[in-house]
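Below is one structure, written out as structure tokens, with a few remarks after it.
A short reminder: the numbers here are calculations on the coordinates, not readings from a lab. Everything numeric here is computed off the predicted structure, so don't read it as measured data. Please note: Cβ atoms are built from the backbone with ideal geometry, for glycine as well, and neighbour counts cover all protein chains shown.
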Amino acid sequence: MIYVCAGLLALVNLLWLGLTLLTLPGNWLMVLTTILVAWWQWDRGMFSPWTLGVLVALAGLGEVLEFLGSAVGVSKAGGTRWGGLGSILGAVAGALAGTVLIPVPLVGTLVGVCAGAGLGAWVLELAVGRTQRESVRAGVGAGVGRLAATLLKLGIGLLIWLIAAVAAFWP
């Protein structure tokens, strides 16, 4: 029974991992599902508190990296704080717009979030008086930074999935 439970957990967590590419809280859903299984199977010792703590810490790190990714991209490209703010706001709007306007699973959201971050940075950089060239450079930095952050968060999600799967099968 414990291996059936472990297998189901691994499959459900794999589905949650896919949500990470949609910029949804897939990592947190993996952690929550793992905690629920740990609570349900506590007497069998599927997960230690240390393992669960590591999963929570990794999910938190992924969120921080994703949140700051586009802003760091703006900064590296010579943009201002306004461009960083625009990139964060634009990423949220872009994720929604990309999901609706480009109805290809995963692709629409990922393109939307990166384009939105770039456009948001570009618009706010222009609004504070930066030149077109400086604004475009900050926008490109925001888009690239957001893509890198999403891929980093996905990598962290893969690590969360792997740790949970190994711990579930190897109590």
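State, as an integer percentage, the relative contact order of the chain based on alpha-carbon contacts under 8 Å between residues 6 or more apart. Spell out each step's value before the answer.
On the way: 307 pairs, mean separation 53.5, N = 171.
This gives 31 percent for the chain.
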Study note, to complete from the structure: In degrees, nearest 10, the alpha-carbon axis of helix 26-40 is tilted away from the dominant principal axis of the alpha carbons of the chain by 20 degrees
**Study point:** Mean Cβ neighbour count within 10 Å, used as a protection proxy, ranking 84-93, 153-162, 123-132 highest first
**Key:** 84-93, 153-162, 123-132
Revision key, fill the gap. Taking R0 as 22 Å and r as the Cβ-Cβ distance between R44 and L11, the FRET efficiency 1/(1 + (r/R0)^6), rounded to the nearest 0.05, comes to 0.70
Point to revise | All-pairs Cα distance distribution in the chain, expressed in whole percent, bin size 5 Å | key: 2, 10, 17, 16, 14, 12, 9, 8, 6, 3, 2, 1, 0
**Study point:** Mean ellipticity per residue at 222 nm, deg cm²/dmol - from DSSP H runs of n ≥ 4 across the chain, formula -39500 (n - 2.57)
**Key:** -29500 deg cm²/dmol
Check your understanding: In degrees between 0 and 90, to the nearest 10, how far off the longest principal axis of the chain does helix 81-101 point, with axes built from Cα atoms?
Key -> 70 degrees
Check your understanding: Any idea what angle helix 49-76 forms with the longest principal axis of the chain, computed on alpha-carbon atoms, 0 to 90 degrees, nearest 10?
Key -> 10 degrees
Exercise for review: Evaluate the distance, in nm, between pseudo-label points positioned 7 Å from the Cα of I102 and of V128 along their respective Cα→Cβ axes.
Suggested key: 2.7 nm
